[in-house]
């Protein structure tokens, strides 16, 4: 098993990917909302994906703030509640 070093190249690459993914997801959802044609059920299908993306981006922001040396550790404010980890994180933790 390979574990990324905290603050290392792999972690930063994953952070960039998470932010880029959230940006793309935001654009797609924005276009769907702007078209005003999706049903409530169709929109509801995006909630788990949006939640997972928000959790990831919040964790990226927390790590970034920690790296910048904020006085209060950001991770203490955004520690995920049980079950808030993205599905990928739950799968990685089970190996």
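Looking at the square roots a ≥ b ≥ c of the eigenvalues of the Cα gyration tensor of the range 1-67, which shape do they give, rounded for a/c under 1.5, prolate if a/b is larger than b/c, or oblate? Show your work: numbers first, answer last.
Values: a/c = 3.06, a/b = 2.68, b/c = 1.14.
Cα axes put the range 1-67 in the prolate bin.
Based on the Cβ-Cβ distance of residue 42 and residue 16, what FRET efficiency does E = 1/(1 + (r/R0)^6) give at R0 = 22 Å, to the nearest 0.05? Between residue 42 and residue 16 the formula returns 0.15.
Just so you know, all these numbers are worked out from the coordinates, no wet-lab data involved. Note that the coordinates shown come from a computational prediction; the quantities given were computed from them, not determined experimentally. Here the Cβ is made from the backbone with ideal geometry for all residues, glycine too, and neighbour counts use every protein chain on show.
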